[in-house]
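To start, the structure itself, in C-alpha cells.
The values are calculated or read from the model by the stated rules, or taken from the named source; none is laboratory data. Since this is a predicted model, take the numbers as computed values, not measurements. As a convention, Cβ positions derive from the backbone with ideal geometry for all residues, glycine included, and neighbour counts pool all protein chains shown.
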Amino acid sequence: MQNDNREELTSKFIEAVDYLNRQMHTCGLDDWEGLEMTIPQLKTLVLLERSGPLRMGNIAAFLGRALSATTTVVDRLVEKGLVDRAWDPSDRRVVICRLTDRGLQAMDRFWRIRRERLQMMADTFGMEELEIVVQAVEMMRAADREMQSIPTS
C-alpha cells in the first residue's frame, strides 16, 4: 500500500516539475525569436556564462558535436556580437571563446525573463504556502547536488 502511494506521489511530482519546466522554458520565447538563436547557440552562451572563457574543444565536447560543427555555431554567435574569439598567447593553435558585453547582456535578459515569471508565481502564494514551496525547492536542490556527487560508472 505504501509503495503504491509512493509511486502515485512520485508520478505527481514528475508531472508537476515537468509542467513547470515546460512553462519556464517557453516563457520569453518571443524575446529570443528576435535573436534567431538555435539551441546549440543558446547552450554555448549558457556554458560560457557559467564557465567563463573556454577553448573551442571544450565547447564541442559540451555540445557533443564535432569541432567543425561547433566552429559554425560559434561563428554565428560572433556574427551576432555575442561571443568573441582570441588565440591563446601561449599556443596560437588554441582558440579561446568568451562572451562579449552584448552576450552578457543577452544572458542577463534570458535569466531575468525567468526570474520575473518566478516572481509572479511567488506573488500568488500566501506566506505559509511560500515557506512550504521554498522548503520543497531547497530539498530538490539538495537532492540534485547529492546526485551530482554520486560517481557514475
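Contact list please: Cβ distance under 7 Å, first residue in the range 120-136 and without any contact (Cβ under 8 Å) to a residue 60 or more places away in the chain and over 17 Å from Met24 (Cα atoms), second residue among the acidic types (Asp, Glu) and loosely packed, with under 11 Cβ neighbours inside 10 Å, pairs at least six apart or on different chains.
Listed by first residue and then by second, the contacts come to nothing, as the list is empty.
Out of all the residues in the range 95-109, is one or more β-branched (Val, Ile, Thr), closer than 22 Å to Val17 by Cβ and without any contact (Cβ under 8 Å) to a residue 40 or more places away in the chain?
Pass one, the range 95-109, residues β-branched (Val, Ile, Thr): 95-96, 100.
Applying the additional criterion that residues be closer than 22 Å to Val17 by Cβ yields none.
Within the range 95-109 (the criterion being β-branched (Val, Ile, Thr), closer than 22 Å to Val17 by Cβ and without any contact (Cβ under 8 Å) to a residue 40 or more places away in the chain), the answer is no, since none of the residues qualifies.
Against the definition (of a type in the set (Val, Ile, Thr), without any contact (Cβ under 8 Å) to a residue 12 or more places away in the chain and either closer than 19 Å to Pro40 by Cβ or in contact with a strand residue (DSSP E or B) (Cβ under 6 Å, 6 or more places away or on another chain) (or both)), how does Thr72 come out, yes or no? Steps first, answer last, please.
Details: of a type in the set (Val, Ile, Thr): yes; without any contact (Cβ under 8 Å) to a residue 12 or more places away in the chain: yes; either closer than 19 Å to Pro40 by Cβ or in contact with a strand residue (DSSP E or B) (Cβ under 6 Å, 6 or more places away or on another chain) (or both): yes.
For Thr72, the condition - of a type in the set (Val, Ile, Thr), without any contact (Cβ under 8 Å) to a residue 12 or more places away in the chain and either closer than 19 Å to Pro40 by Cβ or in contact with a strand residue (DSSP E or B) (Cβ under 6 Å, 6 or more places away or on another chain) (or both) - is met.
Can you name every residue in the range 53-107 that is of a type in the set (D, E, K, R) and out of contact with any helix residue (DSSP H, G or I) (no Cβ under 9 Å at 6 or more places or on another chain)?
Let us first name the residues in the range 53-107 that are of a type in the set (D, E, K, R), namely 55, 65, 75-76, 79-80, 84-85, 88, 91-93, 98, 101-102.
Hits for the range 53-107 are Arg55, Asp75, Glu79, Asp88, Asp91, Arg92, Arg93, Asp101, Arg102.
Which condition breaks for Arg114 when tested against (1) under 19 Å from Val73 (Cα atoms); (2) in contact with a Cys (Cβ under 8 Å, 6 or more places away or on another chain)?
(1)
For the range 73-101, what are the residues that are of a type outside the set (A, V, I, L, M, F, W, C), surrounded by 13 or more Cβ atoms within 10 Å (Cβ to Cβ) and out of contact with any Cys (no Cβ under 6 Å at 6 or more places or on another chain)? Give the steps one after another, and end with the answer.
Of all residues in the range 73-101, those of a type outside the set (A, V, I, L, M, F, W, C) come to 75-76, 79-81, 84-85, 88-93, 98, 100-101.
Those left that are additionally surrounded by 13 or more Cβ atoms within 10 Å (Cβ to Cβ): 76, 80, 84-85, 98, 100.
Matches in the range 73-101: Arg76, Lys80, Asp84, Arg98, Thr100.
Restricting the first residue to the range 7-22 and requiring it to be over 16 Å from Val133 (Cβ atoms), which pairs with a second residue that is assigned to a helix (DSSP H, G or I) and modelled with pLDDT of 90 or more meet a Cβ separation below 6 Å and a spacing of at least six or different chains?
Taking only residues 6 or more apart or on different chains, not a single pair turns up.
Sort through Arg109, Arg102 and tell me the only one that's over 17 Å from Pro53 (Cβ atoms), part of a helix (DSSP H, G or I) and among the charged types (D, E, K, R).
Details: Arg102 fails: over 17 Å from Pro53 (Cβ atoms).
Criteria check complete, one pass: Arg109.
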